[in-house]
Structure formats: structure tokens, C-alpha cells
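Have a look at the structure below before the remarks.
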Amino acid sequence: MEKRTIPRHIGIIMDGNGRWAEMRGLPRFEGHKRGVQRVKEITEAASGIGVEVLSLYAFSIENWMRPEDEVSVIMGLLEESLKGEFLNFIKEGIRFRVIGNRDKLPGNIKSIIEGVEQATDKNNRLVLQCALSYGGRDEIIRAIRKAINKGLTPEDITEERISGFLDTAGMPDPDLIVRTSGEQRLSNFLLWQSAYSEFYFTNTLWPDFTKEELLEAIHEYQMRDRRFGKVSNSSGSLAGSGGSGFGVRSAF
């Protein structure tokens, strides 16, 4: 693996917790519990190889429409994991931050998030960015409203100005986005920021996604020809080791 081409920012759509549990005859919350355990391993792996930002799609804004008892379990697991990992974030130099629409979050969860964010704000080994109550379209709408409230005119609107109003302001765009469970779509995740991201899809359900598969995804990323709309350095080269030209490679 080429250290010089480690992606600065990796986004992961953590999909498949419920299916993992159902396949084993377990209640869905057992899948979410196993998924939380997987987060710790993958965070440690990303930090260990030099990734700067790891964005995890934990709970979409659409997920509020799930059964109330399942949402309650997820919120409880979030609260428990943040309290349990707080000291580890400090020890390992991990900066924790949340992106998403916080207005919908329970008050106790918002308080815990704010406390962990403040306590880890100066950490600089890895930014762990949790997309919680998050939707890409909602984020863009909120960014436009911020721009309007700031009094920007149409002539003031640029990509850089809009990026500065997004939840991810100050963070590099994701170089690589991974989705587990076999689905091949973004599901409203980092829509603006992923314009030139590379994608890696795998059938592996999130609770079974290991450090080894993360490394495999990064290795696949390193084989891509990232042109950003420009002509390739090597004549006739196509983006992606699969030769599709779209920078998308399935790991099936």
C-alpha cells in the first residue's frame, strides 16, 4: 500500500445492521450493537494508517421514520458509546464532531455531543465525523439559508462560499466513499462533497466489515486514476481499475 496515496478523507455508509441480525434470528437492535463495536475497530484502523478524516453515516434524517423503539435503541447506543469512548478519544488524539440537523435530536444527546466536541476540539490525529440526523439535501438547504441570512447576493455565491456554510466546512472533501451491504447508492450522504469521490461497494454487512476489508478498499482506491475532469497523464487510460471510466468499482 502506497503511504503517499492514503485517502485524506474516507466516508463510510454503514449499512446492514438490521439484516445482519435478522439473518441470525436476532432482534434488530443486536445488529446495531454489533455495528457500534465495528466502529471502534475501523476508527482505530483509519487512524493507524494516517487517514485524516473518517466520516461515518450513522443515522440519516430519513431514519426518524423508523419504528420508535428502534430509534430509541439507536439513540441509547449512541449515548452509551460516546460516554464510553470519551476518554479514548482524548488518549488517541481523536477529534469528534457531528454533522447533521441537530434540531431533531433529543436534548440529552445534544448535550453529550457538545461536551465531547468541546473536549476533543484540539485533538489532531484523526477527525471522526459522525453524520447524525443527516441528509445531504437538508444540509444544502440549511447552507443556502445561512447564505441568505448573511446577506449574500447572487453574485456572491460561489462553490467556496457554499462549502463554507455546509456542516463540513473546513474539512477536505471525501476521497473515498465506502458502502457496505451490497447497495449501490449514496442515500443522501455528502451529496455536495462527493462530486469527485471514488466509490467502493461491498456485499459485506457493516457488522462484518473488518480492518482487512478497509485496507482492501484503500488499495482499490490507490489503483484509480483520479482526473477530476482533466485528461489522464497516461494516454488512453480509463479511471478505475475496472476500466469503466466512472471511478466506480464493485467489490462483489
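The values are calculated or read from the model by the stated rules, or taken from the named source; none is laboratory data. Please read these numbers as outputs of a predicted model, since none were measured by experiment. Heads up, the Cβs are rebuilt from the backbone with ideal geometry, glycines too, and the neighbour counts pull from every protein chain shown.
Quick look at the numbers
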{"item": "ILE13 in contact (Cβ under 8 Å) with a residue 12 or more places away in the chain and under 17 Å from the mean Cα position of the chain (by Cα)", "result": "yes"}
{"item": "Candidate set: segment 39-83, residues that are in a helix (DSSP H, G or I) and of a type in the set (Ser, Thr, Tyr); chosen: the one farthest from the chain's Cα centre (by Cα)", "result": "SER72"}
{"item": "Complete set of residues in segment 86-110 that are under 22 Å from PHE29 (Cβ atoms) and out of contact with any strand residue (DSSP E or B) (no Cβ under 8 Å at 6 or more places or on another chain)", "result": "PRO106, ASN108, ILE109"}
{"item": "Out of GLU160, GLU216, GLU198, sole residue that is in contact with a Lys or Arg (Cβ under 7 Å, 6 or more places away or on another chain), over 23 Å from PHE59 (Cβ atoms) and at pLDDT 95 or above", "result": "GLU198"}
{"item": "Failed criterion for GLY229 (all others in (1) in a loop (DSSP other than H, G, I, E, B); (2) closer than 23 Å to GLU41 by Cα; (3) not hydrophobic (A, V, I, L, M, F, W, C) hold)", "result": "(2)"}
{"item": "Unmet requirement for GLN118, which otherwise passes all of (1) polar (S, T, N, Q); (2) under 26 Å from GLY16 (Cα atoms); (3) in a helix (DSSP H, G or I)", "result": "(2)"}
{"item": "Conditions (1) without any contact (Cβ under 8 Å) to a residue 60 or more places away in the chain; (2) part of a loop (DSSP other than H, G, I, E, B); (3) surrounded by 15 or more Cβ atoms within 10 Å (Cβ to Cβ); number of the one not met by ASP173", "result": "(1)"}
{"item": "Filter pass, GLU52 being modelled with pLDDT of 95 or more and among the acidic types (Asp, Glu)", "result": "yes"}
{"item": "Breaking point among (1) over 26 Å from ARG137 (Cα atoms); (2) touching a residue at least 40 places away in the same chain (Cβ under 8 Å); (3) surrounded by 14 or more Cβ atoms within 10 Å (Cβ to Cβ), for PHE89", "result": "(2)"}
{"item": "Counted residues, segment 7-60 - those being crowded, with 18+ Cβ neighbours inside 10 Å, hydrophobic (A, V, I, L, M, F, W, C) and more than 20 Å from ASN123 (Cα to Cα)", "result": "9"}
{"item": "Some residue of segment 140-160 being surrounded by 13 or more Cβ atoms within 10 Å (Cβ to Cβ) and acidic (Asp, Glu)", "result": "no"}
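The rows are residues; the columns are (1) at pLDDT 95 or above; (2) assigned to a helix (DSSP H, G or I); (3) touching a helix residue (DSSP H, G or I) at 6+ places or on another chain (Cβ under 6 Å).
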| site | (1), (2), (3) |
| --- | --- |
| ARG4 | no, yes, no |
| ILE12 | yes, no, no |
| ARG19 | yes, yes, no |
| GLU22 | yes, yes, no |
| LEU26 | yes, no, no |
| PHE29 | no, yes, yes |
| GLN37 | no, yes, no |
